[in-house]
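The numbers here are math on the coordinates, done by the rules we state, and not lab data. Everything quoted here is computed from the prediction, not taken from an experiment. Cβ placement follows ideal geometry from the backbone for every residue including glycine, while neighbour counts extend to all protein chains displayed.
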Amino acid sequence: MILSIPILAVSLTAVFWTLAGLLAMFTALSVVVLSLTWLERKVLGRLQRRLGPTRTGPMGLMQPIADAVKLLLKEDIVPSSSEKAIFWLAPVLVVIPAFMIWVTIPASHDAVLQNLDLGLFYITAIAVVGILGLVLAGWGSANKYGTLGGLRAAAQLISYEIPIIMVVIAVAMLAQTLNLRDIVDQQDPYPYALVQPLGLLIFFIAGLAEVGRTPFDIYFAESEIVGGPFVEYSGAHWSVFFLAEYINTFAIAALTVLLFLGGWSGPLLSGNWVVIWFLVKVYAVILVVFWIRGTFPRLRIDQLMGFAWKVMVPMSFLTIVITAVYQFYLWPPWSLTLMSSAGLVVVAYVIYRRMVGPANLVADVRARQHAQAQERALQAKANDPARGAAANAE
Amino acid sequence: MSWFLFILLSFLTLGGGLGVVLTRNVVHAALFLLVSLVAVAGLYLILLAEFLALVQVLIYGGAIIIVLLFAIMLTRSADYPRISDNRQWPLAGIAALGLLGVLSAAFLTRPVEETQLHSPAFAGLGNSLFTRWAIPFEVASLVLLVALIGAIIIARSNEEER
């Protein structure tokens, strides 16, 4: 039993090692966040045919550090009409769960702070508490946009929590465990991405929504609600939200890798060097996240909720049902792949329709305008001789 | 050690509960409720019921408090964050005292048996939930469904009146 509490019953050295482990985790995550901010600016720059940061350090590598210093030196403004206690509490409530879930995310077989038997469930449960921080941040800053953003955050994050949990259940059914290390070990011949591609897609999309990445950045959409819950935050407080967002993005990418892409397993490397495979895969997923940010427009709030409840939730239930059928009747693995791919096609078709919908609408309107113009021209032609005749009669 | 933790968590639970009742601000009350519920999750952890503790955090600490805050923010309570005295407080007091009476009577007449701490395996929990306790489980979900549909009907009928 790993979660059992008698912490102080253990010796001082164990306490020391736990603290050292926590410190290592914080350091590693901070470095990751710095690397992610740099990577995001560079990748977005490239996608938009810009160079991204170039001035600070070689290839702009010192840019994140400059940013961090700037953020910390900025004046920290607390609006006078805000609820002070809640205003202070909200960033803490967002960032603590973000760090807490990393306690049980393994980077390799041994590189994990505390491998929990219920690890996957622990992550799901703790991550929900972070939503609370966003809602409170919105309410506490006593700002219309903040409150709107908080409401949007609550609606969006709770809606997309359901497909995530359902897909996690499907993965747990396949692996017969909630222990992340065992789940990776179970994916020995084929990663679950091949067995359950629909699950991968749903998890990834809902994960994007859960960390509020574009196209799901509704709750702090700058052009609509000018930053939502973060609108009144500045300086160090704002950077805490920023930190939490990047750590959560990295966590979603890491979970995608652990649950569907075979975790740290890969050829050539062995021992603790497999961490490199894990990092390579996670950063590959992160690049896809940035790529999506660079290419997709933001959804509207009604499209977002409609997509959650009309596509993601039914499809995640389908994931569970086909996994259960497959497990119960002991069908061969390819049958699950087949069923899952069929579901994948449905989701892909829906997204495709949504994407081309506006373009089709424009084409439709253009065609109708064109037809009307032609009709008017024909009528004018038909009227012209008559008018000419009338003129002649006079 | 676990005794010390028990005292601490009990204080948090009770203090949070008192805070819910005594504070005049609705959002603060919701936060005190969060403290209380998470402390209960801690109590479950002391009892080695880690699954129950996580469920408590997920459902009560996360989802229910968020929905509560959502409802508070959607009603116009942001403009009137202070609660005035509730006229139903004598009724609530009677109900609370009655519950206290029933519970203390139960504890006094039937002494709590000393049981060994043991952590049920997660798989075993699921197994018994879906075999031996399947019918209570289904009844509970049915009750939740009824509540959901009832909420929709109440919300809709209000809309039509306007």
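The order of A:Asp217, A:Asp182, going from fewest to most other C-beta atoms within 10 Å of their C-beta, is A:Asp182, A:Asp217. For the range A:252-345, trypsin sites (Lys or Arg not before Pro) meeting the loop criterion (DSSP other than H, G, I, E, B) and having at most 14 other Cβ atoms within 10 Å: A:Arg300. Put in line by how crowded their Cβ is, counting other Cβ atoms within 10 Å and starting with the fewest, A:Val94, A:Val33 read A:Val33, A:Val94. Put simply, when B:141-148, A:255-262 are sorted by average Cβ atoms within 10 angstrom per residue, most first, you get A:255-262, B:141-148. For the range A:307-374 versus the range B:54-75, the inter-centroid distance based on Cα atoms is 31 Å. Test of understanding: extend the Cα→C-beta vector of A:Val31 to 7 Å, then name every residue of the range A:97-126 with backbone N under 19 Å from that spot. It comes to A:99, A:102-114, nothing else.
Projecting label points 7 angstrom from Cα along Cα→Cβ for A:Ile162 and A:Ala363 puts them 3.4 nm apart. Per residue, the average separation of C-alpha pairs within less than 8 Å and at least 6 apart gives the range A:253-349 a relative contact order of 18 percent. Look at the Cα gyration tensor of the range A:193-272: its axes a ≥ b ≥ c give a/c of at least 1.5 with a/b at or below b/c, and that counts as oblate. Residue by residue along B:46-56, Cβ atoms of other protein chains within 10 Å of the local Cβ number 4 on average.
Here's the picture: charge each Lys and Arg Cβ at +1 and each Asp and Glu Cβ at -1 in the protein assembly as shown, and of A:Tyr122, B:Phe4, A:Gln48 the one pushed furthest to the positive end of that dipole is A:Gln48. Across the options A:Val289, A:Ala377, A:Leu338, the greatest Cα extent toward the positive end of the charge dipole of the range A:254-394 (unit charges at beta carbon of Lys, Arg, Asp, Glu) belongs to A:Val289. Dipole size of the protein assembly as shown about its Cα centre, with +1 on Lys/Arg Cβ and -1 on Asp/Glu Cβ: approximately 1400 debye, rounded to the nearest 20.
Over 26 Å apart at the Cα level, from the set A:Lys281/A:Lys310; A:Lys70/A:Lys144; A:Lys74/A:Lys281; A:Lys42/A:Lys310; A:Lys74/A:Lys144, are A:Lys281/A:Lys310; A:Lys70/A:Lys144; A:Lys74/A:Lys281; A:Lys42/A:Lys310.
Sorted ascending by nearby beta carbons within 10 Å, beginning with the fewest, A:Tyr190, B:Tyr44, A:Tyr233, A:Tyr326 become A:Tyr190, B:Tyr44, A:Tyr326, A:Tyr233.
The slack in the chain from A:Ala85 to A:Leu73, taken as 0.36 nm per residue of separation less the alpha-carbon distance, amounts to 2.1 nm.
Note that the range A:263-331 shows a convex hull volume over its alpha carbon atoms of 147 Å³ per residue. Taken about its Cα centre, the range A:16-73 carries a charge dipole of roughly 380 debye when the Cβ of each Lys and Arg holds +1 and the Cβ of each Asp and Glu holds -1. Computed over chain A with a Gaussian network model linking Cα atoms closer than 10 Å, the most mobile of A:Ala254, A:Ala66, A:Ala221 is A:Ala66. Net length available on complete extension from A:Ser335 to A:Asp110 is 77.6 nm, with 0.36 nm assigned per residue and the Cα-Cα distance removed.
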